Amino acid sequence: MKNMSNLSIKNLKLNLIWPYLVIIVIAFVYALPQLNVRGIYVGADSSFHFNRAFEAMSRLKYLNFHNSQISLYGFNASGRIINALYGPGLGYFFGVVLLLTKSWLKFQLVTNFILTVGTISLSYWLFNKYSRQTVISLVFAIVLSLTSYWSISYWYLSSGGMSWGMMFLPLVIDAGIQMYINKNNPVKPLRLGIIMAVILESHMLSFVFSVGILAVFFTAAIVFSHNRVVLFKKSIFAAIISIGLTLGYWADFLIIIRSQSILSPFVNLNPRNLSSNLYQGLSFWLLIFSIVLIIALSGKLLSWQWLLFIMGLGFLIVASGPEILLDHWNSISFLRTVQFPMRFTLPGVYLLSFFVVTMLAQLFNQLSFKRSYTTAISVGVILLASVTIKNVFLNYTSSNQQFWENGNYLESKFSIPNSNQKIDIQKKIQSRNREFEKSITVMNFEAPDYLPGSGSVYYGDKNYKIVNQNIISPVSRFNKHINKKGNLVVTWSQRNSHVINVPVVIYRQSLITFNGRKIIPKSTKNGVLKVMGYSGSNTVEISIKVPLVVHIAKLGPIIVILTMLKIVVSKKRKKVDNDKEI
């Protein structure tokens, strides 16, 4: 009997573990193109995230957290405010990985692996939790993650940060469903607060999408719940925890944004060109599956499943760019900031994939399907997706080969203005050890995101050219370093006295010392520092004034964590005391 019991436990553990082992194998397989070719994925946002990672790595390496809002190492050591406003937690996660790997190739291998395992695993966990169909759940998690460009491929091929925020969407969907179906404990405040804080620290748009999905479930639960007071109180508690854990981010954001006008990302004048097609790919098959299953199980859909279907369809309709919406796309501030309709695709396919899996589970239970039938359906889904999965894999190989074969492509992505820098750009990016830190000299980010300024930004307009003209191109005439105080120092020489633009960006909070004395800084309308340079050597020292309220806000996460630990310990003690009394 004991041997049989041990065997049952081993079988149970194997059944729980094997899907995750398959996912790990998939992550290794998808690393093969890069391991074989030794190229680096370079896409639209590579320069942005590489600079963010380098900035965070350097701060960790030199233990310099002074002037934490501005860029001292990355982004051409320009003093631009980037990491403080764009997923600071994710930025420092990248910094840790880069500090440990000291190589852009290894950095990508590690982050790609983590994202692939995390994305597929969390999707599988959600699907399996509500369907109890291991094989179907794993298959749909794999297909969703490997065929939708806006999932892991968006990070692999374009370095899109949205992939990291959306990785946690299954946890959000689960929390939303629990709000609706769990009458006694609709919200776990600590868990939900941490999830939302992690998403915000990863990607703002993913946070907005997550809040929207939760808002739908919350509203439905408020309308139909018999325990509204508990739901409301626990939701507020979760929100307080989330805000407390990200209080430093909110303080930086509000102080910087409210004290001056900051340029938004460029306006996409042709949103139609970057919209999804409802009648192609994964979206099409999910819609077909959904409609067939709704008909097959007519009258047996649970109300929360209807919410999944309606929200998923809604996201995909927006992603497809209907004419009535495109006509007003740039007139709606939120959509103008989102830029591309395609960014609504991934939440839609997540929700519809989950809907299909839960509906299939109901169908299997109703018809008492044998395991062989489940396997046949799983194989069919894989076959439908196999061509796309294969093409994605080949695209990864092609992208790695392009790194070595097309130097002009790399130059365009990294905005290389100097012909001397164009020589062996691949070798510079591939440099390691002592030469590794020099690789940042060929990784320029030219978009004017987060620069001071007003009005809309259009690709190629004056606002868009300001970084290249005033920060990237003149860099060879100036020397930059970080002094012992942790401030950015810029030095240069000029033949005679005249006004000169120094290739750094200043904000209202910036503190400037020019040739040894503090000055009230002047700048161009886009924040590029202007000074009356003297004949001979000149020195500018840049730091940033941080209000006391921001310093206090930085303690928010520590206070929340200590409070939560105290509550958890107190609950455990009460439970132990109650057990003793019994």
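Give the residues of the stretch 263-287 that are among the β-branched types (Val, Ile, Thr) and either open to solvent by 30 Å² or more (accessible area, probe 1.4 Å) or within 20 Å of residue 349 (Cα to Cα) (or both), sorted by residue number. Within the stretch 263-287, none qualify. It is to be established whether one or more residues within the stretch 344-352 are assigned to a helix (DSSP H, G or I), more than 27 Å from residue 473 (Cβ to Cβ) and among the polar types (S, T, N, Q). Yes: one or more hits. Out of curiosity, is residue 28 open to solvent by 10 Å² or more (accessible area, probe 1.4 Å) and more than 21 Å from residue 90 (Cβ to Cβ)? When the stated conditions are applied, residue 28 passes them. Filtered by the rule that a residue be open to solvent by less than 10 Å² (accessible area, probe 1.4 Å), of a type in the set (Gly, Ala, Ser) and part of a helix (DSSP H, G or I), the stretch 42-80 gives 46, 47, 53, 56, 58. Only one entry of 239, 221 meets the criterion of being surrounded by 19 or more Cβ atoms within 10 Å (Cβ to Cβ) and either in a helix (DSSP H, G or I) or basic (Lys, Arg) (or both), and that entry is 221.
Pairing each residue of the stretch 215-240 that is in contact (Cβ under 8 Å) with a residue 12 or more places away in the chain with any residue that is assigned to a helix (DSSP H, G or I) and of a type in the set (D, E, K, R), provided the two are 6+ apart or on different chains, yields C-beta distances under 9 Å for 221/228; 238/191.
Being of a type outside the set (Ser, Thr, Tyr), within 20 Å of the chain's Cα centre (by Cα) and open to solvent by 10 Å² or more (accessible area, probe 1.4 Å) is true for just one of 107, 113, 94. Which residue is that?
Details: 107 fails: open to solvent by 10 Å² or more (accessible area, probe 1.4 Å); 94 fails: open to solvent by 10 Å² or more (accessible area, probe 1.4 Å).
Unique residue meeting the criteria: 113.
The selection criterion, being of a type in the set (A, V, I, L, M, F, W, C) and surrounded by 19 or more Cβ atoms within 10 Å (Cβ to Cβ), holds for residue 335. Checked against the criterion of being within 30 Å of residue 446 (Cα to Cα) and surrounded by 15 or more Cβ atoms within 10 Å (Cβ to Cβ), the stretch 545-553 has at least one qualifying residue. Exactly one residue out of 209, 232 is of a type in the set (Phe, Trp, Tyr), assigned to a helix (DSSP H, G or I) and either buried (at least 19 other Cβ atoms within 10 Å of the Cβ) or in contact with a Pro (Cβ under 6 Å, 6 or more places away or on another chain) (or both): that is 209. Taking the stretch 456-481 as the range and being open to solvent by 50 Å² or more (accessible area, probe 1.4 Å), within 32 Å of the chain's Cα centre (by Cα) and touching a residue at least 40 places away in the same chain (Cβ under 8 Å) as the test, the residues that pass are 456, 458, 459, 473, 475, 480. Has the stretch 209-230 got at least one residue that is hydroxyl-bearing (Ser, Thr, Tyr) and under 20 Å from the mean Cα position of the chain (by Cα)? Yes, some residue in the stretch 209-230 is hydroxyl-bearing (Ser, Thr, Tyr) and under 20 Å from the mean Cα position of the chain (by Cα).
Name the strands (runs of 3 or more DSSP E) wholly within the stretch 473-582 that hold at least 1 residues that are small (Gly, Ala, Ser)? Outline the logic, then answer.
Details: elements: 479-482, 488-494, 498-505, 510-514, 517-519, 528-533, 536-544.
Per the criteria, 488-494, 510-514, 528-533, 536-544.
Just to check your reading of the model, which residue among 533, 556 is farther than 23 Å from residue 69 by Cα, open to solvent by less than 40 Å² (accessible area, probe 1.4 Å), touching a residue at least 12 places away in the same chain (Cβ under 8 Å) and of a type in the set (Gly, Ala, Ser)?
Numbers: 556 fails: farther than 23 Å from residue 69 by Cα.
That would be 533, the only listed residue that is farther than 23 Å from residue 69 by Cα, open to solvent by less than 40 Å² (accessible area, probe 1.4 Å), touching a residue at least 12 places away in the same chain (Cβ under 8 Å) and of a type in the set (Gly, Ala, Ser).
Restricting attention to the stretch 509-530, the residues that are within 22 Å of residue 474 (Cα to Cα) and out of contact with any strand residue (DSSP E or B) (no Cβ under 7 Å at 6 or more places or on another chain) total 1.
Contact annotation: residue pairs with Cβ atoms under 8 Å, 6 or more positions apart or on different chains, pairing a residue in the stretch 37-54 that is closer than 18 Å to residue 149 by Cβ with a partner that is among the aromatic types (Phe, Trp, Tyr), are 41/156; 41/396; 41/403; 42/403; 42/409; 42/414; 46/414; 49/94. Taking the criterion of being in contact (Cβ under 8 Å) with a residue 12 or more places away in the chain and exposed (fewer than 15 other Cβ atoms within 10 Å of the Cβ), the residues of the stretch 482-495 that qualify are 483, 485, 491, 493, 494, 495. Would you point out which residue out of 400, 391, 395, 330 is of a type in the set (S, T, N, Q), modelled with pLDDT of 90 or more and touching a strand residue (DSSP E or B) at 6+ places or on another chain (Cβ under 7 Å)? 330 is the lone residue from the list that is of a type in the set (S, T, N, Q), modelled with pLDDT of 90 or more and touching a strand residue (DSSP E or B) at 6+ places or on another chain (Cβ under 7 Å).
Conditions tested, residue by residue: (1) touching a residue at least 12 places away in the same chain (Cβ under 8 Å); (2) aromatic (Phe, Trp, Tyr); (3) closer than 30 Å to residue 446 by Cα.
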{"position": "242", "(1), (2), (3)": "yes, no, no"}
{"position": "265", "(1), (2), (3)": "yes, no, yes"}
{"position": "288", "(1), (2), (3)": "no, no, no"}
{"position": "299", "(1), (2), (3)": "no, no, no"}
{"position": "310", "(1), (2), (3)": "no, no, no"}
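Taking each residue of the stretch 158-179 that is charged (D, E, K, R) and looking for partners that are crowded, with 21+ Cβ neighbours inside 10 Å with beta-carbon atoms closer than 8 Å, six or more apart or interchain, yields 174/126. Summed over the stretch 353-394, the residues that are in a helix (DSSP H, G or I) and more than 20 Å from residue 149 (Cβ to Cβ) give a count of 23.
The values are calculated or read from the model by the stated rules, or taken from the named source; none is laboratory data. Keep in mind it's a predicted model, so treat the numbers as computed, not measured. Don't worry about glycine lacking a Cβ; one is built from the backbone with ideal geometry, like all the others, and counts go over all protein chains shown. Only protein heavy atoms, including side chains, enter the accessible area calculation; ligands, DNA and RNA are left aside. Shrake-Rupley method; radii C 1.70, N 1.55, O 1.52, S 1.80 Å.
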